[in-house]
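Novice: Okay, handing you the structure first.
The values are calculated or read from the model by the stated rules, or taken from the named source; none is laboratory data. Here the structure is a predicted model, which means the values were calculated and not measured. As a convention, Cβ positions derive from the backbone with ideal geometry for all residues, glycine included, and neighbour counts pool all protein chains shown.
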Amino acid sequence: MKILVCISKVPDTTTKISFVDNDTKFNEDKVQFIVNPYDEWYALVRALELTEKQGGTITIINVGPADNDQIIRKALAIGANDSVRIDGNSNESFYVASQIAEYAKTQGYDIVMTGKETIDYNGAEVGGMIAELMGVPYVSHASTLDVDGGKATMKRNIEGGYETVEVTGTFVVSCQKGMAEARIPNMRGIMAARTKPLTIVAPVNVAQLTSIKVFTLPPAKAAVKLISPDNVAELVNLLHTEAKVI
Amino acid sequence: MARTDLFQAPDYYLVDDLLTDEQKLIRDSVRAWVKKEVSPIIEEACQTATFPKHLIKGLASVGAFGPYIPTEYGGAGLDQISYGLIMQELERGDSGIRSTASVQSSLVMYPIFTYGSEEQKRKYLPKLAAGEMMGCFGLTEPDHGSNPNGMITNFKDAGDHVILNGAKMWISNAPFADIAVVWAKNEHGVIHGLVVERGMEGFTTPETHGKWSLRASATGELVFDNVKVPKENIFPNVKGLKGPLGCLNSARYGISWGVIGAAMDCYDAALRYSKQRIQFGKPIGAFQLQQKKLAEMITEITKAQLLSWRLGVLKNEHRATPQQISMAKRNNVNMALEITRNARQMLGGMGITGEYPIMRHMMNLESVVTYEGTHDIHLLITGMDVTGFNAFE
Ligand SMILES: Cc1cc2nc3c(=O)[nH]c(=O)nc-3n(C[C@H](O)[C@H](O)[C@H](O)COP(=O)(O)OP(=O)(O)OC[C@H]3O[C@@H](n4cnc5c(N)ncnc54)[C@H](O)[C@@H]3O)c2cc1C
């Protein structure tokens, strides 16, 4: 089984978000970056579980600059076999998906796995676009994945229940919570990652279809209004006229 | 009750920029492991004074045992800064857990690697690295602590073996260790190191009970009553006090990093608490007196980080002197102790309970400021280094 796991680099969940250049660019100063948790905890770890049981190899792919090598090394430390970085610099979904699809087409993967979304831009687009560009089926938001011979079965959480989906042949799946348990890299893995291959591939020419015009933060939290317990009328009035909840 | 570990490491001077990607990956992995495996159980382990033995496998797998020992002997072949960062993260969890790792790495694996024969290295190091075998280090005696040169534990030549007699006290890991690296004098009064194995006749390791500190670490005595130790267990490549002192240099360096972890944990807990606890209508962090404590804590942590980082660079270049190591051990342990005491006060009554890690760290550090050379002894080392006068005797 040949699996391609797509990972992206995102700000750590505790990052204080701010913007520069007239709110058109995310301010990366002092930001710690991590592997997108959906990619790492669910896609990568499930891929490992599958290949550990059934044999096979896992390749990590990332589209981004050399700074991203650190997150690729982490994925290798967790257990992937080798890795590819496509040396492009854009977060635009179509650009990223095109680069991955272009590469994946020629490599004969059985499964291409992504996280259900990244925790920064929350696009949830790349997986679907890769599938479309490769001309293969796409299953989104899967919370289980089992492979038996040439057939893969996935469970998707849908409103009020589950849907079980079956696919044969190459497919793309986006993974969410439930698929696996996060793994912590151990020392053996970290040492092995030093010598695992990281191939740098030049990006293909792809038009940027969208561009970000401006980022806007939600309004700052207003101060709490304290109303004395014997002023119920005032409380009701504010809930009605200001909070507009009654 | 298992508390939720909300720890977020401070990095006021962007010291992370001085680390390699691999060093950060190692640090973050150990941090994640501590959050998952140590934090949920450590409070109870301390309250009940039990060493959480089940952590040994995990400690081995995150590389806590002999990280700088070459890979051919089962170590990870890492540099000294990686070693320091591992100690920092373990001690962020608990000084007792860090102590177990320090002893195994610097006081057991280091001397076997540095002073041992090829057979000794092959026999012990891979198992020690894997946590399949645990070790302890016997230097301190009931009547000889700061002055180990006066030790009375001794061995006498008896053909293919020696006969070992004496007792060691305050020995970390002793109650469960499979082997002990023991320092003892021969007939000529010269100190040698030898490996004593559990099961050798006349060798016992009674546990020391009633500690108010390092309660999650097991401490005991090593008692040798005419123990026959094969000569091949004696380290061939060292004699004199420089044998144990070499080990202590390595461990003390690791401690200088370790205590930064304990300090960070207390600072982090106090900072969070100061933003949430309201008194007189304000978060207590809005009062100048509490800000003074927090501001001084982060200043001292930052200085300590830079001290240990620089010492790590010097160690990597084999240029760190024992005197420089003394300075870092003394300064950083004292800095951490001061921080735990101030953080404890900031939490008021809550700082007294096991709901928060602060008082546990505070009590642990009373051992850390005493073992591996007391606070006073390290001052005398610096004093002698700068003046040239020996004030020990
Ligand atoms: C929990 C714990 C674990 C330990 N683990 C180990 C271990 O694994 N292996 C091991 O070998 N040892 C271990 N030790 C022992 C530790 O290293 C000793 O306790 C330490 O070296 C101090 O020795 P002492 O207790 O005999 O104190 P002493 O040497 O009696 O010192 C008492 C006081 O006198 C001061 N003092 C001594 N000499 C002078 C001087 N010349 N000038 C001024 N002041 C002086 C000291 O600073 C101290 O304040 C451990 C100790 C503890 C508490």
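Novice: List pairs: first residue in the range B:131-157 and away from chain A (no Cβ under 14 Å) and under 17 Å from residue B:171 (Cα atoms), second residue more than 10 Å from the ligand (Cβ to nearest atom) and of a type in the set (Asp, Glu) anywhere in the structure, Cβ distance under 6 angstrom, at least six positions apart or on different chains.
Specialist: Every condition considered, the pairs that remain are B:133/B:178; B:134/B:178.
Novice: Among the residues of the range B:159-206, count how many are within 18 Å of residue B:231 (Cβ to Cβ), within 21 Å of the chain's Cα centre (by Cα) and among the acidic types (Asp, Glu).
Specialist: Matching residues across the range B:159-206 total 0.
Novice: Using the structure shown, decide if residue B:69 is farther than 27 Å from residue B:266 by Cα and not acidic (Asp, Glu).
Specialist: On the way: farther than 27 Å from residue B:266 by Cα: yes; not acidic (Asp, Glu): yes.
So residue B:69 fits the description; yes.
Novice: Another question, if that's okay. I need every pair where a residue in the range A:190-216 that is assigned to a loop (DSSP other than H, G, I, E, B) has its Cβ under 9 Å from the Cβ of a residue that is exposed (fewer than 10 other Cβ atoms within 10 Å of the Cβ), sequence separation at least 6 or different chains.
Specialist: Going by the 9 Å Cβ cut-off, the qualifying pairs are A:214/A:22.
Novice: Also, I was wondering about something else. Go through the residues of the range B:107-114 one by one and say whether even a single one is facing chain A (nearest Cβ under 9 Å), of a type in the set (S, T, N, Q) and more than 13 Å from the chain's Cα centre (by Cα).
Specialist: The first filter runs over the range B:107-114 and keeps only residues facing chain A (nearest Cβ under 9 Å), leaving none.
Within the range B:107-114 (the criterion being facing chain A (nearest Cβ under 9 Å), of a type in the set (S, T, N, Q) and more than 13 Å from the chain's Cα centre (by Cα)), the answer is no, since none of the residues qualifies.
Novice: Here is a further query. Go through (1) touching a helix residue (DSSP H, G or I) at 6+ places or on another chain (Cβ under 6 Å); (2) surrounded by fewer than 20 Cβ atoms within 10 Å (Cβ to Cβ); (3) of a type in the set (A, V, I, L, M) for residue B:263 and report which single condition fails.
Specialist: Failing condition for residue B:263: (2).
Novice: Go through the residues of the range B:81-98 one by one and say whether even a single one is away from chain A (no Cβ under 14 Å), in contact with a Leu (Cβ under 9 Å, 6 or more places away or on another chain), basic (Lys, Arg) and surrounded by 21 or more Cβ atoms within 10 Å (Cβ to Cβ).
Specialist: So far as the range B:81-98 goes, yes, one or more of its residues are away from chain A (no Cβ under 14 Å), in contact with a Leu (Cβ under 9 Å, 6 or more places away or on another chain), basic (Lys, Arg) and surrounded by 21 or more Cβ atoms within 10 Å (Cβ to Cβ).
Novice: Sticking with this structure for a sec: For the range B:23-64, give me the residue count where each residue is in contact with a Gly (Cβ under 6 Å, 6 or more places away or on another chain), farther than 16 Å from residue B:216 by Cβ and surrounded by 18 or more Cβ atoms within 10 Å (Cβ to Cβ).
Specialist: Adding up the residues that qualify gives 1.
Novice: Given the conditions (1) under 29 Å from residue B:343 (Cβ atoms); (2) surrounded by fewer than 15 Cβ atoms within 10 Å (Cβ to Cβ), and given that residue B:255 satisfies all but one, which numbered condition is not satisfied?
Specialist: (2)
Novice: Filter the range A:163-189 down to residues that are without any contact (Cβ under 8 Å) to a residue 12 or more places away in the chain and assigned to a strand (DSSP E or B), then give me how many there are.
Specialist: 2
Novice: Let me ask something else. Within the range A:86-103, is even one residue under 18 Å from residue A:170 (Cβ atoms) and among the acidic types (Asp, Glu)?
Specialist: Yes, the range A:86-103 contains at least one residue that is under 18 Å from residue A:170 (Cβ atoms) and among the acidic types (Asp, Glu).
Novice: Then there is this: Restricting to helices (runs of 4 or more DSSP H) lying wholly in the range B:7-69: which have 1 or more residues that are more than 8 Å from every other protein chain (Cβ to nearest Cβ) and within 18 Å of residue A:78 (Cα to Cα)? Give the steps one after another, and end with the answer.
Specialist: On the way: elements: B:21-33, B:39-47, B:56-61.
Qualifying helices (runs of 4 or more DSSP H): B:21-33, B:56-61.
Novice: In the set B:91, B:72, which member is within 17 Å of the chain's Cα centre (by Cα) and among the acidic types (Asp, Glu)?
Specialist: Values: B:72 fails: within 17 Å of the chain's Cα centre (by Cα).
Unique residue meeting the criteria: B:91.
Novice: Now, a different point. For the range B:74-117, which helices (runs of 4 or more DSSP H) that fit wholly inside it have 3 or more residues that are within 15 Å of the ligand (Cβ to nearest atom) and either small (Gly, Ala, Ser) or at pLDDT 95 or above (or both)?
Specialist: Working: elements: B:80-93, B:95-102, B:110-115.
The qualifying helices (runs of 4 or more DSSP H) are B:95-102.
Novice: Scanning for something within 25 Å of the chain's Cα centre (by Cα), over 19 Å from residue B:239 (Cα atoms) and within 11 Å of the ligand (Cβ to nearest atom), does the range B:149-156 turn up at least one residue?
Specialist: no
Novice: Right, something else. Going by what's in this entry, would residue B:91 be described as out of contact with any Ser or Thr (no Cβ under 7 Å at 6 or more places or on another chain) and touching a residue at least 24 places away in the same chain (Cβ under 8 Å)? Give the derivation first.
Specialist: Working: out of contact with any Ser or Thr (no Cβ under 7 Å at 6 or more places or on another chain): yes; touching a residue at least 24 places away in the same chain (Cβ under 8 Å): yes.
Spelling it out, residue B:91 is indeed out of contact with any Ser or Thr (no Cβ under 7 Å at 6 or more places or on another chain) and touching a residue at least 24 places away in the same chain (Cβ under 8 Å).
Novice: Checking the conditions here, which among B:379, B:311, B:337, B:365 is surrounded by fewer than 20 Cβ atoms within 10 Å (Cβ to Cβ), assigned to a helix (DSSP H, G or I) and either within 15 Å of the ligand (Cβ to nearest atom) or of a type in the set (A, V, I, L, M, F, W, C) (or both)?
Specialist: On the way: B:311 fails: surrounded by fewer than 20 Cβ atoms within 10 Å (Cβ to Cβ); B:337 fails: surrounded by fewer than 20 Cβ atoms within 10 Å (Cβ to Cβ); B:365 fails: surrounded by fewer than 20 Cβ atoms within 10 Å (Cβ to Cβ).
Just one listed residue meets the conditions, B:379.
Novice: Continuing with the same structure: Just checking: which of the helices (runs of 4 or more DSSP H) contained wholly in the range A:66-156 hold 1 or more residues that are within 14 Å of another protein chain (Cβ to nearest Cβ) and small (Gly, Ala, Ser)? Even if it seems obvious, please write down each step before you answer.
Specialist: Numbers: elements: A:69-78, A:93-105, A:126-134.
Ranges flagged: A:69-78.
Novice: Could you say whether any residue in the range A:6-29 is more than 14 Å from chain B (Cβ to nearest Cβ), assigned to a helix (DSSP H, G or I), of a type in the set (S, T, N, Q) and touching a Gly at 6+ places or on another chain (Cβ under 9 Å)?
Specialist: Within the range A:6-29, none of the residues are more than 14 Å from chain B (Cβ to nearest Cβ), assigned to a helix (DSSP H, G or I), of a type in the set (S, T, N, Q) and touching a Gly at 6+ places or on another chain (Cβ under 9 Å).
Novice: Would you please name the residue that is nearest to the ligand (Cβ to nearest atom), looking only at residues in the range B:157-176 that are surrounded by fewer than 22 Cβ atoms within 10 Å (Cβ to Cβ) and among the hydrophobic types (A, V, I, L, M, F, W, C)?
Specialist: For the range B:157-176, the residue satisfying everything is B:170.
Novice: A further question on this structure: Of all residues in the range B:118-146, how many are surrounded by fewer than 20 Cβ atoms within 10 Å (Cβ to Cβ), within 13 Å of the ligand (Cβ to nearest atom) and of a type in the set (Gly, Ala, Ser)?
Specialist: 2
Novice: Next question, about the same structure. Output the residue which, of all residues in the range A:170-208 that are within 14 Å of another protein chain (Cβ to nearest Cβ) and of a type in the set (A, V, I, L, M), is surrounded by the fewest Cβ atoms within 10 Å (Cβ to Cβ). Talk me through it step by step, then tell me what you get.
Specialist: In the first step, residues of the range A:170-208 are kept if they are within 14 Å of another protein chain (Cβ to nearest Cβ); the result is A:181-196, A:198.
Now restrict to residues that are of a type in the set (A, V, I, L, M): A:182, A:184, A:187, A:190-193, A:198.
On the way: A:182: 13, A:184: 20, A:187: 24, A:190: 23, A:191: 18, A:192: 15, A:193: 22, A:198: 15.
So the residue we want is A:182.
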